[in-house]
1. Translational diffusion coefficient of the chain at 4 °C, 1.567 mPa s, Stokes-Einstein with Kirkwood Rh over Cα pairs, in µm²/s as a whole number.
2. Ala96 label point, 7 Å along Cα→Cβ, cut-off 20 Å on backbone N: hits in the range 57-72?
3. Counting only protein heavy atoms, what percent of the accessible surface of the range 47-94 is carbon or sulfur at a 1.4 Å probe?
4. Of all trypsin sites (Lys or Arg not before Pro) in the range 79-113, which ones are in loop regions per DSSP and have a Cβ with at most 12 other Cβ atoms within 10 Å?
5. Please report the spacing between the Cα centers of the range 60-111 and the range 1-48 in Å, no decimals.
6. So for the pair Met59, Lys23, with labels modelled 7 Å out along Cα→Cβ, what separation do we get in nm?
7. Suppose all protein chains stay in the model; what accessible area per residue would a 1.4 Å probe give for the range 65-128, in Å²?
8. Project the alpha carbons of the range 53-122 onto their principal axes and report the range along each, largest first, in whole Å.
Amino acid sequence: MPAKILVVEDNLQSMKVVTMTLKYHGYNLVQASDGEQALEMAVKEKPDLIIMDIRLPKMDGMEVTQKLREIPAFKRTPILVLTAYAMKGDKEKFLAAGCDGYIPKPVNTRQLPGLVADMLAKGRNKTT
Ligand code: MN
């Protein structure tokens with residue numbers, strides 16, 4: 001069974017680029033376009049990895065991540081942040097919120113499959 005990836009993104013173009021790229025590499029994709037839907041889809045679909053936009057309607061990606069980390073089933077699910085807004089110190093904030101890595105926007109479609117494969121193989125940092 002291919003790994004299932006939940007992509008949370010409210011920008012249609014960015015959603016399309018990410019999902020098409022990962023589908024092409026054989027992954028099973030599910031989508032959410034706002035923070036509340038992200039929580040619902042995560043609980044319903046039990047993805048192996050989550051790609052999370054930060055600026056989202058209803059609930060931002062950091063809050064969604066924090067809420068997911070409170071649910072035992074999601075303690076070990078890798079979450080990669082997807083955002084154009086990584087300023088100095090943002091990476092630390094994302095990690096503190098429970099994210100495991102960072103994908104800059106616009107997405108580099110040649111790098112994305114490798115990042116996802118590495119994260120799936122490695123899993124979450126065991127100390128967190
Ligand atoms: Mn957004």
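1. Translational D for this selection: 91 µm²/s.
2. The answer is 60-70.
3. Here it works out to 54 percent.
4. Filter output for the range 79-113: Lys88, Arg110.
5. Comparing the Cα centres of the range 60-111 and the range 1-48, I get a distance of 14 Å.
6. 2.7 nm
7. Per residue, the range 65-128 has 61 Å² of solvent-accessible surface.
8. 33, 27, 22
The values are calculated or read from the model by the stated rules, or taken from the named source; none is laboratory data. Owing to the predicted nature of the structure, the values given are computational and were not obtained by experimental measurement. Because the Cβ atoms are built from the backbone with ideal geometry, glycine has one as well, and the counts that use them run over all protein chains shown. For accessibility, only protein heavy atoms count, side chains too; no ligands or nucleic acids. Shrake-Rupley method; radii C 1.70, N 1.55, O 1.52, S 1.80 Å.
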